[in-house]
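Read-outs: derived from the displayed coordinates by stated rules, not from any lab. This one's a predicted model, so the numbers in the text were calculated from it and none came from an experiment. FYI the Cβ positions are ideal-geometry reconstructions off the backbone, even for glycines, and counts take in every protein chain you see.
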Amino acid sequence: MTGRRVARTRRRRVALRVTGRVLFWLLIAVLLVYLLFPFYWALVSALKTQTELIRTPATLWPENPVLANFRSVLGNDRFVRALGVSTLVASSVTLLSLLVGAVAGYALGKMRFQGRGASLYVILAMTMFPQIAVLAGLYAVIRLLGMPAVPSMILSYMLFTLPFTVWVLTSFFKGLPDSLLQAAQVDGATLLQAFRHVLLPLTAPALVTTGLLAFIQAWNEYLFALTFTVIDPPARTVPVAIALFTGEIARQEPFGEIMAAAVIVTIPLVLLVLIFQQRIVAGLTAGAVKG
Amino acid sequence: MRRTLSLIVMLVLAGAVAGAQTVVTVAAGAVGQELELTRAAAERYMKLHPDVTVNVLETPDLSDNRLGLYLQMFEAKSSDVDVFQIDVIWPGDLAEHFVDLYDYGARDVAKEHFPAIIENNTVDGRLIGVPWFTDAGLLYYRTDLLEKYGFSGPPTTWAELTDMAKTIQDGERAAGNPDFWGFVWQGNSYEGLTCDALEWVASYGGGSIVSPDGTITINNDKAIAAIDEAASWVGTISPNGVTSFGEEEARNMWQAGNAAFMRNWPYAYSLGNADDSVIKGKFDVNPLPAGPGGKPAATLGGWQLAVSKYSKNPAAAADVALFLASYDEQKIRAVEGSLNPTIMALYQDPDVLAAVPFFGSLYDVFTNAVARPSTATAPDYAAVSRAFYSAVHSVLTGQATAADAVAEIEADVEDITGFPTGQP
Amino acid sequence: MQDAPEAPTPPAALPLDGEGGGGRGRPKKNGVSRLMRLERRTAYLLLLPTFLVLAVIAAYPFGQVVYSSLTDAKFASSQPTSFVGLDNYRTLFAMTIRRLPPKLDESGAPVLVDGKVRYESAVSVLPRSPRRYRQVFQFGLLGHRYVLGAVSADFVRAVWDTVVFTVVAVALETILGMIIALTLSSEFRGRGAMRAAMLVPWAVITVVSARIWEWMLQPTRAGLFNALGSYLGLSEGRTDFFGNPTLQLPSMIMMDVWKTTPFMALLLLAGLATIPAEYAEAAKVDGAGPLRRFFRITLPLLTPTLAVALIFRTLDSLRVFDIFQVVLGNQRYSMASFAQDMLISRRDMGLSSAASVTIFVIIFVFALLYVRSMKVDT
């Protein structure tokens, strides 16, 4: 090719790359707006007064932002206590689910035995009934065992976090090459040692992912929490506390305060994800696979 | 020596008192001010009865959520809650779970309350709940707009209301407020629609769905005319979205100054007069209009206190309930919380009238309020109401004609209750 | 330019493929079968905690639901319960199709309104005893008009609505989730923050997010969508998103897709992270374009994760309850909100349980379909 044509091709390639980058960042911007806008709306609503909230047409930013809603929510010690309870319940559910789910996932993903397929379906079946159907039966079991509110919530939430954890971890364990396992066993490790030192670190991404999703799912649950904590106000979780937000007068709904609570509650969850998100894409450590 | 002795005596006494402590748990509303008032009342009771501890629990304010919660507890025959705050439409359906308050001394106080409510709360001769506070549907109207468009007073018939609403709506829209509508009310498919629709039907002389003696009266021309008229409002003087409106949605539009008339419960009165409200001082209330040849009708609302059959201390619980609903307690709630009392004498009490002047005009509304047929159709009122409001809703959304809908309601209620049909 | 290298055979990582991911066939010697027995015992031991949890929280409630679906139990009532067999199921699924005759005037000629024939109302045509059939919908066929009636018209409609909702919502979530996951798996500044932002919709409490969307979709200009719509001249600012039957499901789908796309995206992102980078590098070196790389390498390797994500999202969508109950209430039911309404307002525990068992069966069928079809793919 002549020098001019080379230059033109090079310019075209540069132009393509630049357009590519611009489009990429445009895509990021669109996605950010789509994901964050309703949350932005909640934040804005939390800063508005009750009068401005019902005004037409709706405004994108409050004329006179007020912190009254945030102040009232944070000053509500029932809500603050609920934050603590929710954290306790969600963390316990997540840890338990990961623990139980990891060992079950290892068995189902890497071992051969009778009833493997059936077990997977039975575990999946745990989440196939709608919540309202199992509520009455669960409530009866809880009362029979005399379980206080917090443990009963922790146990009940496993109903939907455990199958999910088991299936995802089974899939991940299965996807890990057997060569690793066999190599470790050749080196003299027992099954359990192989599990702890080889497989577990490699499944960190899967553990973090399911852990995050399970945590948030447990955090969000409302129906079971409401029923189990009606007689135990200190054990109420955040969704129940928010549902019990009311205005000063019956039937009034304090939308601004509910939005303030939503904002306050979401921020620690986002921080949690920020801390752990690197682990999600940690990927396979170089060298372990190539061996 | 003497000091140690008295200390020991005090400890022993305290131990005796603590050992004999009765705990009564009250499940009440979660509403800010209401809850505070209930807690204060509980404190007063505990001072008078030091051997009783009263716990006040909040439950969700939305009636349906509360009902679901209560039902779970009744299914489990739980004795965790002794006193329940129940809606005016629940005594019939939930009668089997509550004790007869007449067995616990309610006979003397019953005559102080509005007879309509006591009758509503009596199932098979048993007083299921003592009335606590009451509610009735009212017509809110903008005094400034009525004056601006030359109307002498609030409408007394639905036809008048329709005309006034149209005139004001057209005028306000022309003046530059495209979000203005004439009349807002509760049109969503829920119990609130039963309240509104019952008012239309009853004010036309079309009966109250099921008469107190157990006849299904809904299928008549007057009821059809009433529902037809309401359906004609949707999209003309009421926004299309009124079929999704509950109490709060209607109040939000009204309080933003975007409606000339509103049908709602008394709670919106003080909220409308809040300091930062756009309509402060520019509105008033009136009994709802009537249909042609009919009388104004307001649906009876309100809450009662009932004592659970599974309670471990029914006598103590009944005492707490009757205390909370007594004259003095209701007076405090009226003055401090603007909660409409159920004791008739309180509507002439000077302190109450000084604090809440418009209660005086409400007295007639409450004495003439229409009760929903919850007691007549017990224990299936929820299903009857559901049949009624879903059929009316389908007329409002244009999916059915009023004549068809009313026939459906009749057939449905017949299936549910087995009652005979008849005319109002 | 050479073809892109053959997509490597993806590891059979779907949980139910084959029989356990253990090593290749072991020679059958006495010592080895002892190993197999040890393996089996270890497996059972490892599964014990899971089944223990199952036994405590699932056995009784599930059994109770199935049992009460065969009775006429009333919720929170002292009415005696009797066994009724499959009666509740018959009530739920009893359907019939009747023809609607045209409305005739006195002379026997069909009544015409605006040139179209008017038909009798469905109430007059559908059977009333021993059970009432209600209209589900009307349709025209070969010049005649028919009405599909059902004893539980609300339930039949709920099943249809829920399935449609599920199919559309899951499809949208998957596509959107895939786009987000692919975007986030490439290197760029602020990637970590973006990943945190991605989870915000999932982190907002469900009932609260329903209220946020409700507020944004208000039928007046106090709601954002109507305000924007009228500002941009697209509408009058009076669109009733939740009252207009045509707009109800799309609004629900929009709300649900927003909330649950992060779930898909996060799972797919984690799945993408386990794909060794060498495969994509090799393909790039061989000159394959990004689209080709995606379909021949990335997607097949992602299938196991995708399958699990799809199963659970579909499962959750079929069980959808919160948003339907909070927003649509009694206007339109999902299968689960129908079951709840039966339980709380009609107190018909038998019917509600039968509806729940139906949900269970439908979900089970979907799960089976997924496993079968995904297996065929790999």
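The residue among C:P102, C:L126, C:H144 whose Cα reaches farthest toward the positive pole of the charge dipole of segment C:95-151, with charges on the beta-carbon of Lys, Arg, Asp and Glu, is C:L126. The charge dipole of chain B, taken about the Cα centre with unit charges on the Cβ atoms of Lys, Arg (+1) and Asp, Glu (-1), comes to about 1160 debye, rounded to the nearest 20. Working from label points 7 Å from Cα in the Cα-to-Cβ sense, the C:R37 to B:A175 distance is 9.4 nm. Remark: segment B:172-189, residue by residue, has Karplus-estimated 3J(HN,Hα) of 5, 5, 5, 6, x, 10, x, 8, 7, 10, x, 9, 10, 7, 9, x, 6, 7 Hz, where x stands for each Gly or Pro and the curve is 6.51 cos²θ - 1.76 cosθ + 1.60 at θ = phi - 60°.
The value of relative contact order for segment C:197-301, using C-alpha pairs under 8 Å at least six residues apart, is 22 percent. Taking the Kirkwood radius as Rh and the Cα radius of gyration as Rg, segment C:95-151 has a ratio of Rg/Rh equal to 1.02. The Rg/Rh ratio of the protein assembly as shown, with both radii computed over alpha carbons and Rh defined as the Kirkwood radius, is 1.00.
Per-residue shielding of C:254-260, expressed as the average number of other chain Cβ atoms within 10 Å of the residue Cβ, stands at 1. For segment C:248-258, 3J(HN,Hα) computed residue by residue from phi via the Karplus equation (6.51, -1.76, 1.60; θ = phi - 60°) reads 5, 4, x, 5, 4, 4, 4, 5, 6, 4, 4 Hz, glycine and proline entered as x. Relative to the Cα centre, the charge distribution of the protein assembly as shown, modelled as +1 at Lys and Arg Cβ and -1 at Asp and Glu Cβ, gives a dipole magnitude of about 6560 debye.
Coordinate range of the alpha-carbon atoms in segment A:68-280 per principal axis, descending: 71, 40, 24 Å. Using C-alpha pairs under 8 Å with a sequence gap of at least 6, the mean separation divided by the residue count of segment C:95-151 gives a relative contact order of 40 percent. Close amide-amide hydrogen proximity is noted between B:L57 and B:V26, B:A27, B:A28, each under 5 Å apart and 5 or more residues distant or on a separate chain (H modeled in the peptide plane; Pro and chain starts excluded).
Taken as Cα centroids, segment B:332-363 and segment B:115-157 sit 14 Å apart, rounded to the nearest whole angstrom.
With a 10 Å cut-off around each Cβ of C:77-89, the average count of Cβ atoms from other chains is 1. Amide H to amide H distances under 5 Å link B:L300 with B:V370, B:A371, B:R372, where only residues 5 or more positions off or on other chains count and H is placed in the peptide plane. Put simply, the convex hull of the Cα atoms in segment B:202-274 casts, on average, a shadow of 6.2 nm².
Farthest towards the positive end of the charge dipole of segment B:274-424, among the residues B:T299, B:V352, B:Q399, is the Cα of B:V352, using unit charges on the Cβ of Lys, Arg, Asp and Glu.
Within the shell of other residues whose beta carbon sits under 13 angstrom from the beta carbon of C:Y146, the net charge comes to +2, with Lys and Arg scored +1 and Asp and Glu -1. Using a Förster distance of 41 Å, how high is the FRET efficiency between C:A94 and B:E119, based on the Cβ-Cβ distance and rounded to 0.05? Given R0 = 41 Å and the Cβ-Cβ separation, E is 0.55.
Phi-derived couplings, Karplus 6.51 cos²θ - 1.76 cosθ + 1.60 at θ = phi - 60°, listed residue by residue for segment A:43-53: 4, 4, 4, 5, 8, 8, 7, 4, 5, 6, 4 Hz, with x used for Gly and Pro.
Each Lys or Arg adds one and each Asp or Glu takes one away; over the other residues whose Cβ falls under 12 Å from the Cβ of B:A298, this sums to -1. Take each residue in C:62-75, count the other chain C-beta atoms within 10 Å of its C-beta, and the mean is 3. Of the residues C:N226, B:S270, A:A214, the one whose Cα sits farthest towards the positive end of the charge dipole of the protein assembly as shown is A:A214 (charges of +1 on Lys and Arg Cβ, -1 on Asp and Glu Cβ, taken about the Cα centre).
Pairs exceeding a 30 Å alpha-carbon distance, out of B:K309/C:K74; B:K280/C:K259; B:K282/B:K331; B:K77/B:K331: B:K280/C:K259; B:K77/B:K331. Take chain C and mark each of the GluC sites (Glu not before Pro) that is in a DSSP loop with at most 16 other Cβ atoms within 10 Å; the longest unmarked stretch, sites excluded, is C:237-378.
Packing-based ranking of B:201-212, C:160-171, C:86-97 yields B:201-212, C:160-171, C:86-97, ordered from highest to lowest mean Cβ neighbour count within 10 Å.
Charges at C-beta only: +1 for Lys and Arg, -1 for Asp and Glu. How large is the resulting dipole of segment C:243-344 about its Cα centre, in Debye rounded to 20? That gives a dipole near 200 debye.
Computed over every Cα-Cα pair of chain C and binned at 10 Å starting from 0, the pair-distance distribution P(r) comes out as 4, 15, 21, 23, 19, 11, 5, 1, 0, 0 percent. Once backbone amide H atoms are built at 1.01 Å from N, B:V52 has B:T22 as its partners under 5 Å, excluding neighbours fewer than 5 places away on the same chain. Averaging Cα coordinates gives a centre for segment B:366-424 and one for segment C:263-341; these two points are 46 Å apart. With only Cα atoms counted, segment A:3-53 has Rg and Dmax values of 21.3, 70 Å. For chain B, leaving out every one of the trypsin sites (Lys or Arg not before Pro) that falls in a DSSP loop and has at most 12 other Cβ atoms within 10 Å, the longest unbroken run is B:112-279. Of all DSSP-defined beta bridges confined to the protein assembly as shown, some 70% are antiparallel rather than parallel.
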